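Report on the structure given below.
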Amino acid sequence: MTPAQGGTGSGLRVVVVGATGNVGTSVVEALGRDPAVGTIVGVSRRPPRWRAPKTEWAEADIVSADLVEIFDGADVVVHLAWLFQPTHRPLTTWRVNAVGGRRVFAAAARAGVPALVYASSVGAYSPGPKDRPVDENWPTDGWPIAGYTREKAYLERVLDAFEQRNPQMRVVRLRPGFIFKRESASQQRRLFTGPLLPGRLVRPGTVPVLPDLPGLRFQALHSTDAAEAYRLAVLRDVRGAFNVAAEPVVDGRLLAEVLRARRVRLPVAPVRAALALAWHLHLVPASPHLFDAVLRVPIMDTTRARTELGWTPRHTAREAVEEFLHGLRDAGGMPTAPLTPRLRGGRFAEAATGVGERP
């Protein structure tokens with residue numbers, strides 16, 4: 001579909017695929033503030049009610065749309081689109097994420113776009129250490145049982161071959177940790193915990209006990225800081241992979257402090273068994289395989305992002321987590337389809353459509 005006109009026409013023309021989600025909205029805002037960017041084309045499956053400076057919208061499904069037409073004349077394509085659900089239908093997520101990702105890359109090459117910036121993830125990495133950071137050379141084979149990490153790892157291999165075939169194109173891969181902001185809270189609740197989590201449960205002091213699991217150490221960052229990394233990747237003459245995460249590392253101690261809860265050391269097995277049962281009963285959308293992956297992702301070294309990309313986060317990981325929890329309590333969101341604070345029909349509609357069964 002040809003995008004509706006709305007940009008300034010001068011400066012860089014940047015196409016953002018997946019522009020209405022958690023990271024996409026922040027990237028559009030960051031690019032819109034940059035004087036070097038003239039036009040942003042926001043690509044999404046469903047047109048948003050949200051409007052942003054310098055931005056025109058293109059409604060397109062990356063699996064079926066003529067992406068070459070949308071990418072024609074672009075200076076940079078930023079590929080952020082990703083389908084996390086339905087975890088009970090892995091062929092659906094594979095079709096969108098793996099096949100759709102390949103179509104985005106191929107269309108960018110056919111349109112002659114000079115640069116491609118792709119949203120990889122810490123989830124692309126093979127299991128690694130939790131007590132020392134690894135750099136961008138750590139293997140990217142993911143955790144093959146989980147759909148999310150399997151698909152992220154697959155697209156890393158696709159990009160390896162793509163770069164060999166298209167040496168004229170500048171390709172950047174950002175591998176961020178877990179990304180949060182207040183406006184993404186309702187979406188992330190729907191994606192990972194489902195309709196049964198009450199907002200009042202995440203108020204500090206409400207949860208008396210928090211399980212402290214072996215391996216529960218991960219990295220996080222605020223969505224606006226992730227967006228700044230994407231903005232720099234768009235504008236700077238850099239290539240390759242960059243780990244992106246804020247300090248400190250999030251663990252059971254930090255989460256207990258934020259929630260003012262008492263930590264209780266528990267083995268992983270019973271917690272995983274409870275999650276697996278809830279997933280099989282369609283009570284929660286996040287699969288136990290994703291839980292396995294989270295416990296295995298390595299801690300990343302972000303030196304390259306700070307020195308070569310020039311990236312410095314403005315928020316700590318704790319601040320990002322606290323803002324997300326605040327958004328859960330207040331049903332944070334934005335006027336886009338992914339980030340809407342409430343689906344029509346509310347939580348009953350979430351349950352009625354089959355938790356983990358539909359996108």
Roughly how many percent of the accessible protein surface of segment 244-359 is carbon and sulfur, given a 1.4 Å probe and a whole-percent answer?
-> 57
How about residue 130: which lysines have a C-alpha closer than 22 Å to its C-alpha, ignoring those fewer than 8 places off in the same chain?
-> 152
What angle, in degrees between 0 and 90 and rounded to the nearest 10, separates the Cα long axis of helix 100-110 from the longest principal axis of the Cα atoms of the chain?
-> 20
Kirkwood estimate for segment 196-341, i.e. one over the average of 1/r between Cα atoms, Å | 17.4
Working from Cα positions, state the angle (0 to 90°, nearest 10) between the long axis of helix 147-165 and the longest principal axis of the chain.
-> 20
Helical contribution to [θ] at 222 nm, DSSP H n ≥ 4, -39,500 (n - 2.57), averaged over the chain, rounded to 500 | -9500 deg cm²/dmol
Helix 223-235 versus the longest principal axis of the chain: what angle, 0 to 90°, nearest 10, using Cα atoms?
-> 20
If you wrap a convex hull around the Cα atoms of the chain, how much volume per residue is inside, in Å³?
-> 123
Comparing 292, 66, 160 in a Gaussian network model of the chain (Cα, 10 Å), the one with the largest mean-square fluctuation is 160
Gaussian network model of the chain, Cα springs within a sub-10 Å range: biggest mean-square fluctuation belongs to which of 267, 335, 144?
-> 267
Using only the alpha carbon atoms of segment 134-189, find the Kirkwood hydrodynamic radius as the inverse mean reciprocal pair distance, in angstroms to one decimal.
-> 13.6
Anyone know which of 176, 208, 86 comes out most mobile in the 10 Å Cα GNM of the chain?
-> 208
Beta carbons within 10 angstrom, averaged per residue: use that to sort the peptides 46-57, 322-333, highest first.
-> 322-333, 46-57
Average accessible area per residue (Å²) across segment 268-335 - probe 1.4 Å, nucleic acids and ligands excluded | 45
Carbon and sulfur: what percent of segment 155-197's accessible surface (1.4 Å probe)?
-> 56
What does the charge dipole of the chain about its Cα centre add up to, to the nearest 20 debye, if the Cβ of each Lys and Arg holds +1 and the Cβ of each Asp and Glu holds -1?
-> 900
For residue 316, what is the net charge nearby, where nearby means another residue's Cβ is under 13 Å from its Cβ and Lys, Arg count +1, Asp, Glu -1?
-> -4
When only Cα pairs under 8 Å and 6 or more residues apart are kept, what is the percent relative contact order across segment 1-157?
-> 21
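The values are calculated or read from the model by the stated rules, or taken from the named source; none is laboratory data. Everything numeric in this text was worked out from a predicted model, so none of it was measured. Neighbour counts run over all protein chains shown; Cβ positions are idealised from the backbone, glycine included. Quick note on the areas: whole protein, heavy atoms, side chains included, nothing else; ligands and nucleic acids left out. Shrake-Rupley method; radii C 1.70, N 1.55, O 1.52, S 1.80 Å.
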